[in-house]
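The values are calculated or read from the model by the stated rules, or taken from the named source; none is laboratory data. The structure presented is a predicted model; accordingly, all values stated were derived computationally and were not measured. Here the Cβ positions follow ideal geometry from the backbone for every residue, glycine too, while neighbour counts run over all protein chains shown.
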Amino acid sequence: MMQQTAEVPSAVEDAPDYFLPCLLAVLAHLDKPMSEAALRARVSDPDAGWTWDLVGDTLQSLGLSVQWAPCTLDLLTQAVQPVLVKLHSGGCAALLPSHEWDEPMVMWPARSGALERCDLAALMSASAGLCMSVQPPLRPPKDQAHLPKGRMGHWFFGPLLAARSMYWQVALAALLTNVFALSASIFSMIVYDRVMPNNAMDTLTALVVGVCFVLFSDFVIRTVRGYFLDVAGARADAVIADSLFEQVLDIDLAARKGSVGAMASVLKEYESIRDFLTSATLTTLIDIPFAILFLVVIAMVGGPLFWVLVIIIPVMIGASLVVQPALKRLVQTSFEDDQNKHGVLVETLNGLETVKAIGAGAQMRHRWQKAIAHQAQIGLRTRMLSQFAGNVATISSQAATIAIVSYGVVLAHDGSIGTGAIVACSMLAGKAIAPLSQLAQLVTRINQSFSSYKALKELMESPREHPPQTTFIPREKIAGDIEFRNVSFQYPGQQSGGLDKVSFTIKAGEKVAILGRVGSGKTTVSKLMQGLRVPTEGAVLVDGCDLRQFDKADLRRNIGTVLQDVWLISGTVGSNIALGGLRPSNEDVLWASQIAGVHDFIAPHPDGYNLKLAERGEGLSGGQRQAVSIARALVGKPPILIMDEPTSSMDMNAEKALIDRLKSHLTASTLVVITHKSSLLDLVDRVIVVDQGKVVADGPKSLVLGPAAAKGATP
């Protein structure tokens, strides 16, 4: 009897799911058929039950266009694309236009599990008044079909264009604020030229009231402008960041370049783009064109004073442009240095225990200092160039004020302009020069953002496991036959560790061990079976079909994998085990835990399966982590189980108990064991020996290893 403390959290709901059949029917109708496993692998919350909002979000994440609208009879009658109708009773129905019948077909899971002729009147009466129309995206040109797409078109510009209405409002607000910025200058000019000479105090009162109203309006509009920028940036940020992380999860491992730290650094560079989109830098960029407005007003008010700025502004802009080529090179070098520095940091943190254990701290610190020192030198040069352009801008601004006042006095003495015009032009000159004086810093930020965008663009254009415009045939279940047909494979940039013309067949339900020396290619075989790597020559077939025909989510839901390096997430023991299944039930988690031996050490613990684990499963021993990994591989009851050194950290008693349980429970599953331990050979009937990337022996255990080895001697 299970103890009270060994509770398995988060039971799966027993309520029927009326959303999933409709979603699958819509995807099939649009020539994007998917299995439930493949669909769950593409949603942001795979453990949640399907909801109306999650269905819409999922369709958008798959690149489909979704439009929500009130459900009307005219809309349903005229529908030429699938329409999902939300129902009063919960769930939904899918209206699918049909070319075979006069009326459309409907998938109504609450009434039937199959397509049926649609009674629009009945559907309208059951409707909750809301529906969503689903349309496929426009087909891109052939030369752009391979480019990455987000849920709003282009992965980066799509979300920005989706917020274009807000950016138009920001532009309008910028126009108003810059027009209002004229008020203080005009106020000063009128006071000096009209109010003071005539002692017109009533006029002064009216002017003060008017300018106060303008200033208050300016404050409100600037606040609203900042709010719109933040909202637009936040919305785009959420979508772009999600697209980037989805690309990381779906990237073809053969296309991954550099270290983990370097890739993490590339993703971190998105922060600089996000800051650019939401900070005052973008506001400055928006304000630059309005410098022309102030120059026009200066020409109208001050006449010849306009030429002072015509002479000074090119000097400011010229200084900024002169330093830009060098700044661009330095920014790119700094970006590369930051990748190296971040790589050292991530590498050290991932192996901190090992670094301490072997005394490698000094070497890692030297690498860190080297990266920091070079980046500091680049940073110094970057700041010096930026300061040069900034200092030229500051001096130019001061010189403009002095020149306008001095020249203005001369013009006032001749009667060309009034005293108020001098004051107004001085104020307007400051407003015209202010955004231009920040041009050097602004262009530097643009260069940094552009370098970050190029790195992210390269990442987004890396080959994916689910290429755009590619459709896979759904395979909910596979039998378990595996065949290697003249498979050759070589890791990119390496001369060893691959396979050479490997051929063998494993029948469904067969139990096979793959043996070989270190570096012989055993682990490579397992990676090819899982679709983590693609053969350079030959083919890997499952159930007679090339693995490249499978949706990788379908394949991996049918393959339970225990890797050499155990990876656990921070969370509970129960949640770590549940990762291996498609929303497994409490009974599934408990069943897998008992076979793997997790229940033996979790049942007596006060927290049971709610025991919290730190990052990488810290808090458990090496053998316990392996037990959790084995339970995770078993929880989905896959027809194929691949185990790579699954008991290397277990003691003899735990290993023997595990072997006994696996022998009694895995009678129907295909089992592939990669090991150096003779004890695990009790699980198999057949042995494949790999050496230097080739199969050198293949046959029954007793024939390949001899009678002694078959009984447990070291192979």
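Has segment 90-98 got at least one residue that is assigned by TED's automatic domain parsing to the domain that holds G56, modelled with pLDDT under 85 and surrounded by fewer than 12 Cβ atoms within 10 Å (Cβ to Cβ)? There is no residue in segment 90-98 that is assigned by TED's automatic domain parsing to the domain that holds G56, modelled with pLDDT under 85 and surrounded by fewer than 12 Cβ atoms within 10 Å (Cβ to Cβ). Pick from segment 592-636 the residues that are within 34 Å of the chain's Cα centre (by Cα) and among the polar types (S, T, N, Q): which of them is farthest from L563 (Cα to Cα)? Among them, the one singled out is N610. Restricting segment 404-419 to residues that are in a helix (DSSP H, G or I) and of a type outside the set (A, V, I, L, M, F, W, C) leaves a set whose member that is modelled with the highest pLDDT is S406. In segment 402-430, the residue that is surrounded by the fewest Cβ atoms within 10 Å (Cβ to Cβ) out of those that are touching a Phe, Trp or Tyr at 6+ places or on another chain (Cβ under 9 Å) and among the hydrophobic types (A, V, I, L, M, F, W, C) is V423. The set of residues from segment 518-552 being small (G, A, S), part of a loop (DSSP other than H, G, I, E, B) and either more than 28 Å from the chain's Cα centre (by Cα) or farther than 22 Å from A508 by Cβ (or both) comprises G519, S520, G521, G544. Being outside the structural domain of A241 (by TED's automatic domain parsing), surrounded by 18 or more Cβ atoms within 10 Å (Cβ to Cβ) and basic (K, R) holds for only one residue in R517, R475, and it is R475. The number of residues in segment 349-388 being within 17 Å of A434 (Cα to Cα) and modelled with pLDDT of 80 or more comes to 2. Taking the stated definitions as given, is L147 outside any helix (DSSP H, G or I), modelled with pLDDT under 80 and either surrounded by 14 or more Cβ atoms within 10 Å (Cβ to Cβ) or not assigned by TED's automatic domain parsing to the domain that holds G56 (or both)? Yes, satisfied.
In summary, helices (runs of 4 or more DSSP H) completely within segment 257-369 and bearing 2 or more residues that are touching a helix residue (DSSP H, G or I) at 6+ places or on another chain (Cβ under 8 Å) occur at 260-268, 270-278, 280-287, 291-302, 306-350.
Report yes if some residue within segment 105-118 is surrounded by 14 or more Cβ atoms within 10 Å (Cβ to Cβ), in a loop (DSSP other than H, G, I, E, B) and out of contact with any Ser or Thr (no Cβ under 9 Å at 6 or more places or on another chain); otherwise report no. Checked against the condition, which is being surrounded by 14 or more Cβ atoms within 10 Å (Cβ to Cβ), in a loop (DSSP other than H, G, I, E, B) and out of contact with any Ser or Thr (no Cβ under 9 Å at 6 or more places or on another chain), segment 105-118 yields at least one hit. Among the candidates T382, T394, T401, the residue that is over 22 Å from V322 (Cβ atoms) and in a helix (DSSP H, G or I) is uniquely T401. For segment 408-420, which residues satisfy the criterion of being touching a residue at least 12 places away in the same chain (Cβ under 8 Å) and over 21 Å from A434 (Cα atoms)? Passing the criteria: V409, L411, S416, I417, G418, T419, G420.
Scanning segment 33-66 for residues that are part of a loop (DSSP other than H, G, I, E, B), among the β-branched types (V, I, T) and either at pLDDT 80 or above or over 15 Å from D242 (Cβ atoms) (or both) yields one hit, T51.
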